[in-house]
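S.K.: Have a look at the structure that comes next, please.
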Amino acid sequence: VDPSEAKSIIHKMHTKGIKSFKAPLNLNFKLPLKSILYNFYRYFSVRIPLAKMKNKRVGKEFSYSYFQEFLPKNDHDIRIVVIGDKAVGLKRLVAKNSFKASGSGVILYDHDLISVECISKAFKVQKDLGFQCMAYDFVLHPTKGYQIVEICFGVASRSYDDCQGYWTEDLKWNASSSIIVEDLIIKAVLQTK
């Protein structure tokens, strides 16, 4: 974003606000015709109506400005989801002709590709802020190591179906993923009693 565009966005945020949800059309024209037609169908029948509904419910974003250092040479990010005292992680590659890994759909599940630094930092923030469940996105800073660039409590759970296991707070790897869901169910049942 150039300075004049940034100034315009900031002015809009602090006056009339900006819609919270957009329905981006993201087509890859190397896909077979059937996939392209399906993407158009999803865009007009699902994404646009969903964005309109969410904007009605949530309203516009306004009265804040958020600035983040752009780290241009990252070819991936690391997503760590901490649930209670366990964490799962994956590596997301940046999409072609983009700077973002989020939404690229190119996910690597090999736990050896996940930096222990990310897991350790995610557990620390989780503990310090008292979250039950939170997702942390990390990118590599050239001098400061992996840094959190975003946190979010909502994730697309199907993205984690292929995770090969989980880490515990002591950063030990366990090759079983079902225990996380079992643990959440047990805690939820105990809290209702």
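The values are calculated or read from the model by the stated rules, or taken from the named source; none is laboratory data. Worth saying up front: this structure is predicted, and the values here are computed from it rather than measured. Virtual Cβ from ideal backbone geometry, glycine too; neighbours counted across all protein chains shown. Quick note on the areas: whole protein, heavy atoms, side chains included, nothing else; ligands and nucleic acids left out. Shrake-Rupley method; radii C 1.70, N 1.55, O 1.52, S 1.80 Å.
S.K.: How many residues does the range 84-115 hold that are out of contact with any strand residue (DSSP E or B) (no Cβ under 8 Å at 6 or more places or on another chain), of a type outside the set (Asp, Glu) and modelled with pLDDT of 90 or more?
M.R.: Looking only at that region, the number is 0.
S.K.: Go through the range 123-140 and give me each residue that's within 17 Å of THR168 (Cα to Cα), in contact with a Phe, Trp or Tyr (Cβ under 8 Å, 6 or more places away or on another chain) and part of a strand (DSSP E or B).
M.R.: Across the range 123-140, the qualifying residues are CYS133, MET134, ALA135.
S.K.: Here's a check for you: in the range 122-158, which residue that is among the acidic types (Asp, Glu) and under 24 Å from ILE107 (Cα atoms) is most open to solvent (accessible area, probe 1.4 Å)?
M.R.: GLU150
S.K.: Would it be correct to say that ASP161 is within 16 Å of the chain's Cα centre (by Cα), at pLDDT 85 or above, charged (D, E, K, R) and more than 14 Å from LYS86 (Cα to Cα)?
M.R.: Judged against the criteria, ASP161 is not a match.
S.K.: Kindly indicate whether ASP77 is within 30 Å of ASP170 (Cα to Cα) and either among the small types (Gly, Ala, Ser) or over 18 Å from the mean Cα position of the chain (by Cα) (or both).
M.R.: No: the conditions fail for ASP77.
S.K.: Counting only residues that are closer than 13 Å to ARG79 by Cβ and in a strand (DSSP E or B), which one in the range 142-158 is farthest from the chain's Cα centre (by Cα)?
M.R.: Ranking the candidates gives TYR146 first.
S.K.: Looking at the range 45-66 only, could you name the residues that are over 18 Å from the mean Cα position of the chain (by Cα) and in a loop (DSSP other than H, G, I, E, B)?
M.R.: Those that are over 18 Å from the mean Cα position of the chain (by Cα) and in a loop (DSSP other than H, G, I, E, B): GLY59, PHE62, SER63, TYR64, SER65.
S.K.: Okay, next question. Inspect all residues belonging to the range 88-102 and state whether any of them is open to solvent by 70 Å² or more (accessible area, probe 1.4 Å), of a type in the set (S, T, N, Q) and within 21 Å of ILE18 (Cα to Cα).
M.R.: no
S.K.: Also, quick follow-up: Given the residues SER102, SER120, which is the only one that is small (Gly, Ala, Ser) and not in a loop (DSSP other than H, G, I, E, B)?
M.R.: Testing whether each residue is small (Gly, Ala, Ser) and not in a loop (DSSP other than H, G, I, E, B) leaves just SER120.
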